[in-house]
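> Structure in structure tokens, see below.
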Amino acid sequence: MSTFSDPRIYLPGSLASIPALLGLFLATGCGPAPPPAPIQGNTMGTVYTIRVASLPAGLSLAALARDIETELERVNAAMSTYREDSEISRFNRGPADTWLRVSPELVAVVMAGQAIGEASQGAFNITVGKLVRTWGFGPAGQREAPPSPAAIQNAQSAIKASALQVRLEPPALLKELPDLEIDLSAIAKGHGVDRLATLLEAAGIDNYLVDIGGDLRTRGRRHDGTVWRIGIERPLISGRQVQQVLGMSQDAAVATSGDYRNFFEADGERYAHIVDPRTGTPVTSKLSSVSVIADDCTTADGWATALTVMGPEAGYELATSQGLAALFIRRDGETFSERMTPAFREHFAAGQIAIQTGITQ
Ligand code: AMP
Ligand code: MG
């Protein structure tokens with residue numbers, strides 16, 4: 001299976017379950033009965049992998065795989081900007097000052113995005129859709145040169161989180177600016193992970209690893225009683241190497257954002273898919289990736305993007321003051337350096353998550 005097969009819609013996968021990433025820990029003959037095969041497929045322009053320690057009696061792997069596909073289909077039908085008939089696309093095309101009825105799940109994700117937007121002082125902004133499209137990172141496809149300053153300014157004038165109204169009863173969205181476009185790509189993968197976690201738990205599965213394009217959530221243990229292991233990738237432009245291996249003794253979600261996979265280059269400049277709504281341009285800093293650990297993956301995913309926009313200094317300070325568990329990886333030429341917030345370090349100190357050494361490739 002090829003990862004990130006569609007270059008237009010890459011969502012970075014800088015985390016991966018270690019077996020998926022390295023082909024390690026495959027059943028080798030003796031020991032406990034092998035676990036059910038992983039369930040894999042494509043969604044949101046990337047690959048998903050679900051591993052469960054065991055299946056409840058009466059539930060087949062095929063039936064579970066079907067339920068997972070159906071749930072992901074529901075997420076995409078609501079939130080994909082790559083589908084013209086999705087709720088979000090209809091909203092983006094629709095008129096101003098008119099409530100559009102949408103699913104309660106979409107309202108919940110929009111509210112989560114708005115909250116991260118406020119907490120990050122606008123660095124994270126789900127009304128960034130037109131700007132992302134203008135830079136060629138949306139459904140319209142990639143660019144070969146930056147857009148004109150006028151086009152950037154025009155797209156920037158469509159960004160305004162306070163012009164997006166959200167209503168719960170009945171669930172609906174309204175925009176006060178006709179050009180305003182919502183883009184939930186920074187948070188939708190994490191939401192998808194959470195939806196699958198809920199689905200698994202409802203089916204009676206308490207030991208699982210859910211991975212959508214490197215945004216992950218684990219619960220319980222692997223089939224042999226050992227902890228789930230996930231790899232944080234070294235943010236390399238080409239090739240894949242593991243920077244850090246985390247052993248998950250605690251149920252948690254981990255998501256990563258970075259500038260190192262989805263970008264285009266023009267005249268020696270690299271333009272990454274994460275844009276700063278305040279400047280209208282792609283983020284440029286020595287920060288290569290940010291990983292966030294949280295209870296749920298929507299939060300981890302949203303904050304990983306928000307901190308990437310904020311950069312190594314302001315991002316680190318905000319993450320620390322908000323008590324967020326974040327790992328910042330910086331690139332200086334060929335070398336990488338890491339910086340952990342106190343909350344990230346505490347996970348290790350408390351033994352909830354362990355850095356596992358000895359796995360170097
Ligand atoms: P992620 O891979 O989770 O970091 O999300 C990156 C995606 O989020 C991009 O491809 C854009 O669609 C979208 N995005 C880019 N910049 C921002 C931003 N400042 N706030 C919210 N979403 C953004
Ligand atoms: Mg994100």
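> Residue separation times 0.36 nm, minus the C-alpha to C-alpha distance between D251 and S157: what's the value?
Going from the current span to full extension adds 29.7 nm.
> If you count, for each residue, the other Cβ atoms within 10 Å and average over each peptide, how do 300-306, 185-191, 324-330 line up from highest to lowest?
300-306, 185-191, 324-330
> Arranged from highest to lowest average of other beta-carbon atoms within 10 Å per residue, in what order do the peptides 55-68, 94-107, 194-207, 282-295 appear?
Output ranking for 55-68, 94-107, 194-207, 282-295: 282-295, 194-207, 94-107, 55-68.
> Mind putting a number on the dipole of region 122-221 about its Cα centre? Charges go on the C-beta only, +1 for Lys and Arg and -1 for Asp and Glu, and I need it in Debye to the nearest 20.
In total the dipole reaches around 80 debye.
> Distance between Cα centroids, region 317-344 to region 177-235: provide it in whole Å.
Computed from Cα coordinates, the inter-centre distance equals 21 Å.
The numbers here are math on the coordinates, done by the rules we state, and not lab data. Being a predicted model, the structure only gives us computed values, none of them experimental. Neighbour counts run over all protein chains shown; Cβ positions are idealised from the backbone, glycine included.
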